[in-house]
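Report on the structure given below.
The values are calculated or read from the model by the stated rules, or taken from the named source; none is laboratory data. All values reported here derive from a predicted model rather than from experimental measurement. When we count neighbours, we look across all protein chains shown, and the Cβ atoms used for this are built from the backbone with ideal geometry, even at glycine. Remember, those area values only see protein heavy atoms, side chains included, never the ligands or the DNA or RNA. Shrake-Rupley method; radii C 1.70, N 1.55, O 1.52, S 1.80 Å.
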Amino acid sequence: MRRSSIVSQPINIFKTFNAPLMPGSNLETLIFCSQTLRSKVQRDFEELPSEAFRPLRSSLITLLKKFHRGPPKVRTQISIAVAALAVQVPTVDWGDGGIVNWLRDEMNSHPEYIPGFLELLTVLPEEVFNYKIAAHPERRRQFEKELTSQMEVALDILTACLKINELKEQVLEAFASWLRLRHGVPGAVLASHPLVLTALSSLNSEILSEAAVNVVSELIHYTTSGNSGGIPVQMPLIQVLVPQVMNLKEQLRDPSKDEEDVKAIARLFADVGDSYVELIATASDESMMIVNSLLEVASHPEYDIASMTFNFWHSLQVILTKRDSYHSFGDEVSIEAERSRRLLVFRAAYESLVSLVSFRVQYSQDYSNLSVEDLKDFKHTRYAVADILIDAASVLGGDATLRILYMKLAEGQACWENGQNEWRPAEAALFCIRAVSNHVSVAESEVMPKIMSLLLELPLQPQLLQTVCLTIGAYSKWLDAASNGLPLLPSVMSILMHGMVTSEDSAAAAAVAFRHICDDCRRKLCGYLKDLFIIYHKAIIGEDSFRISAEDSLHVVEALSMVITELSPDQAKEAMEQLCGPIVNSIQGVINQGPEILEKRLAREFTVHIDRIAYIFRYVNHPEAVAVAIQSYWPLFKAIFDLRAWDMRTMESLCRACKYAVRTSGRFMGVTIGAILEEIQGLYQQHHQPCFLYLSSEVIKIFGSDPKCATYLQNLIEALFKRTICLLTNIKDFTTRPDIADDCFLLASRCIRYCPQLFIPSSVFPSLVDCAMVGVTVQHREASNSILTFLSDVFDLAKSTVGENYLSIRDSVIVPRGSSITRILVASLTGALPSSRIETVAYALLALTRAYKANAVEWARESLSLIPSTAVTEVERARFFKALSDAASGIDINSLMATTEEISDVCRRNRTVQEIVQAALRPLELNLVSVL
């Protein structure tokens, strides 16, 4: 193993740290040195010779004793360093029966250093889950077992330390830390344990309340953890905890309490609710006491406190409304009876909740002066409240929730009409009404007509108008179903027109609402095309001070396209001309200025119009009409292709339009598809635009299985891939051109799935596999994923259409490269690619193993044999081979995923090990086989 600079003088480094780590040094120096020491022990301890352990431990303990009453931050860093050492050293090497027994003996022998030792006892269980420590996964699991087996010893130490008054806070924090192991002590024992009783009695203490809250919070979570035995086993402890927490209810509204203290108490109530939600959902009298307390928290004026309960209300709603929650009640009648009973019991709570949260979405008086961060927080609050209202509507029913919110809206209207000119309450109520729209019945006839009428009376204040427009859009389905929906549409459209001219935000909202109405009311609106086209032309051309942005105008394009979909084919063709006319005229106007000017134009002058055409092709669901349109406009498109092929943004926009035309028209496109493919095939040779590859993959998806298209598709495939392979000859090429790599291998995967008969026997297939091997380790996420997916598809060829017919050709390509491919995949798992890609790499390895079974296992064995045993132990190798063998024989596929994660963790545990592994595997230096 390569040694770092600390190996040659394993003890000297600690002398170096000891010098500045003197009580007289300034705090910044002490903190820096202690952090550096901690980091060295966590990451580089493995590089030290075995005989260095005891001197290192001795040095660290000396420092811990020296700073036993020193700066807390320094003492904590030294304690973490000692704990990191314990994680990496087996109990037998540590001696004295493990670190907890050793610590007990040290505290008995040196009581003057108890504060420092308590800090170490606190951080020990926390370091079990610290993956910065470069420990093998097996050793980490062993350490967790060691600590859980010594839980009783640790609690005895802490109980003994309770006698020292000035250490009580530290003792409670240490107890909370050990509880996070979630294992070891029955509820009946904890219910009367001195540490628990001390924590509960300290909840009202000014000095100890924070530590006590931490302990009680951990105890609550402990009672529901998987290792604790579950609620029945922990019921004795629960029966002690819950009443003590409920006794704190009065403090929630105590004005003398500090906000942080109130927040801590609220956290306990939220913990009780979250942890015991299933018990609470039974709707017993005791559970309703907890619910009422949580309503008290939800009513707190501080949002940060009130929102602590939001997760509880959501979880409770899920249990109350989900049928699986009632399966123990047997037959359908009993299930429905119990469900109705529970919903009735909780009805009042959720009704109160609606009133308690709805005011929190109201704009503040100084809204226009809020900072960017405050605006972001306000939006987050609105989204969170909207989610809670949806939960309430799930329990109460949308119509009942709407009635409560309508009363808020009526109050808001009164604020405006009484001369206060106050629009904010009405806007807040409308926001809430919009939030529950999906739960309101389209047949609702009591409140919705009143709301729609009231919308016409509200002032045209910009923020209010924006919410009015969004609310109209949210209830578009109701407008379609309501008996008076059609008479309301002209008034609704009038409001949206106001929105389009008032402000950019209200215009954006109006455009979205217009799209929703045209989508859901499309049949009703077919007779009003003339009026709709007036709005459309104004939005597209920008007449009458319309303030719709180019991006938002796409909603208007989509809206008209969906209405046209409801027309007859002949009517649709005529409407398509009207729809495309102003857009095409704008494009033609730019083109008519001549080639020289055309090349100098900004991309946006084209893309804004082409994107609108793309939306028309996407949303007008009349294949023949779209095919006629693309054929008619092809000369226009070709002119742009020819003169702007160098411009990526324009080409992406144009290819997107062609893609949607292909999707919608399919085989109605006739000769136009051939012209498009010929154009992009020729232009790609010179300009290498990735979007040409993406458009080709869409064509393959639609036409790949059509025998009539086989010849020109095969020519297309070979031309595009041959050119791409020339562009991607080494990892640097992949790094500088990740978009080309991404779209190239996306196209290759489409070929495997839709036309393996053209792709697998082609001359480019072996070269593309070689190209993939070169580029697998590219750091670009999408490119790497596309390459790995392509390889997986090659290995899974038998799953694709008629793929089994070409397995022999695939094998003739893959088998000679199998060892190298496996080595690259193993290298990718063990550090060549980021850990976030492990799942994708593991699936590729799984696909390879399923396809080549024993061969793949042997290839993997060859790869791992290159890694020194100092990096990967024989036990870890054997576990990995066992998982591969099981996957090859189909015994246990799932274990391979877990084992690949573990081998990855082993090889990435620190930078030195990762460098050793990659130097052994050399994924970028393999001699690739060339088979042509």
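Sum up the charges of everything whose Cβ sits under 15 Å from the Cβ of Ser340, counting Lys and Arg as +1 and Asp and Glu as -1, but leave Ser340 out. If you can, show how the numbers build up before the last one.
Working: positive: Lys322, Arg323, Arg339, Arg341, Arg342, Arg347; negative: Asp331, Glu332, Glu336, Glu338.
Combined, the nearby Lys, Arg, Asp and Glu give +2.
Output the Cα-based Rg and Dmax of the chain in Å, rounding Rg to one decimal and Dmax to a whole number.
Cα only, the chain: 34.4, 97 Å (Rg, Dmax).
Suppose only helical runs count, i.e. DSSP H with n ≥ 4. What mean residue ellipticity at 222 nm does that imply for the chain under -39500 (n - 2.57) per run, divided by all residues and rounded to the nearest 500 deg cm²/dmol?
Result for the chain: -23000 deg cm²/dmol, rounded to the nearest 500.
Using a 1.4 angstrom probe on the protein heavy atoms only, line up Arg879, Arg612, Arg547 by accessible area, largest first.
Working: Arg879 80, Arg612 15, Arg547 110 Å².
I get Arg547, Arg879, Arg612, largest accessible area first.
With contacts defined as alpha carbon pairs under 8 Å and 6 or more residues apart, what's the relative contact order of the range 816-932 in percent?
About 39 percent, as a whole number.
Quick one: dipole size for the chain, taken about the Cα centre, charges +1 on Lys/Arg Cβ and -1 on Asp/Glu Cβ, in debye to the nearest 20. Intermediate values should be presented prior to the final figure.
Working: 88 positive and 108 negative charges, 478 e Å.
It works out to roughly 2300 debye.
State the extension gain, in nm to one decimal, for the chain segment bounded by Val815 and Lys249, taking 0.36 nm per residue of separation less the distance between their alpha-carbons.
196.7 nm is the gain from fully extending Val815 to Lys249.
Give the cross-link partners of Lys882 among the lysines, using a straight C-alpha distance below 18 Å as the criterion and excluding same-chain residues fewer than 8 apart.
Straight-distance partners of Lys882: Lys853.
With point charges of +1 on the Cβ of Lys and Arg and -1 on the Cβ of Asp and Glu, referenced to the Cα centre of the range 555-688, which listed residue (Leu677, Met648, Ala575) lies farthest in the positive direction of the dipole?
Looking along the dipole axis, the top candidate is Met648.
Which order, highest average first, do 463-470, 188-195 follow once you tally other Cβ atoms within 10 Å for each residue and take the mean per peptide?
Per-residue mean Cβ counts within 10 Å order the peptides as 463-470, 188-195.
Find the accessible area per residue for the chain; the probe is 1.4 Å, ligands and nucleic acids are left out, and the unit is Å². Working shown, then result.
Values: 39010 Å² over 932 residues.
Ligands and nucleic acids excluded, the result is 42 Å² per residue.
Sort Lys530, Lys145, Lys249, Lys882 by heavy-atom solvent-accessible area, probe 1.4 angstrom, most to least.
Accessible-area ranking of Lys530, Lys145, Lys249, Lys882, largest first: Lys530, Lys145, Lys882, Lys249.
Picking from Ile630, Leu529, Ala349, whose Cα lies most toward the positive end of the charge dipole for the chain (charges on Cβ: Lys, Arg +1; Asp, Glu -1)?
Ile630
Summing +1 for each Lys or Arg and -1 for each Asp or Glu, what net charge is found among the other residues whose Cβ lies under 14 Å from the Cβ of Asp570? If you can, show how the numbers build up before the last one.
Working: positive: Lys573; negative: Glu566, Glu574, Glu577, Glu624.
Here the count lands on -3.
Roughly how many debye, to the nearest 20, is the charge dipole of the range 778-906 about its Cα centre, given +1 on each Lys and Arg Cβ, -1 on each Asp and Glu Cβ, and no other charges?
240
Top to bottom by accessible area (1.4 Å), largest first, where do Met407, Met308, Met452 land?
Of Met407, Met308, Met452, the descending order of accessible area is Met407, Met308, Met452.
Could you name the aspartates and glutamates whose alpha carbon sits less than 18 Å from that of Lys799, not counting residues in the same chain fewer than 8 places away?
Within the straight-line limit of under 18 Å, Lys799 reaches these aspartates and glutamates: Asp811.
Could you compute how much accessible surface His183 exposes when probed at 1.4 Å, giving the result in Å² to the nearest 10?
70
If contacts are Cα pairs under 8 angstrom and at least 6 residues apart, what is the relative contact order of the chain in percent?
It rounds to 6 percent for the chain.
Distance in nm between label sites at Ala854 and Asn438, each 7 Å beyond Cα in the beta-carbon direction?
With each label placed 7 Å out from Cα toward Cβ, I get 5.4 nm.
With the dipole of the range 779-823 worked out from charges on the C-beta (+1 for Lys and Arg, -1 for Asp and Glu) around the Cα centre, which of Asn805, Val815, Val794 lies farthest toward the positive end?
Val815
Take peptides 724-737, 68-81 and line them up by average Cβ neighbours within 10 Å, highest first, as a rough protection proxy.
In decreasing order of mean packing, 724-737, 68-81 become 68-81, 724-737.
First measure r as the distance between the Cβ atoms of Tyr528 and Val501, then evaluate 1/(1 + (r/R0)^6) with R0 = 35 Å and state the FRET efficiency to the nearest 0.05.
0.95
How large, in percent, is the carbon and sulfur part of the accessible surface of the range 161-237 at a probe radius of 1.4 Å?
Ligands and nucleic acids excluded, carbon and sulfur give 54 percent.
Once ligands and nucleic acids are excluded and a 1.4 Å probe is used, how much of Met648 is accessible, expressed in Å² to the nearest 10?
Using a 1.4 Å probe on the heavy atoms, I get roughly 80 Å².
Between rounded, prolate and oblate, where does the range 830-927 land on the alpha carbon gyration tensor, with a ≥ b ≥ c its root eigenvalues, rounded for a/c under 1.5, else prolate if a/b exceeds b/c?
Here the range 830-927 falls in the prolate category.
May I ask you to derive the relative contact order of the range 102-212, considering only C-alpha pairs under 8 Å and at least 6 residues apart, and to give it as an integer percent?
Details: 79 pairs, mean separation 31.1, N = 111.
Here the relative contact order equals 28 percent.
Over 19 Å between Cα atoms: which of Lys163/Lys257; Lys530/Lys573; Lys659/Lys701 fall into that group?
In this structure, Lys163/Lys257 lie more than 19 Å apart at Cα.
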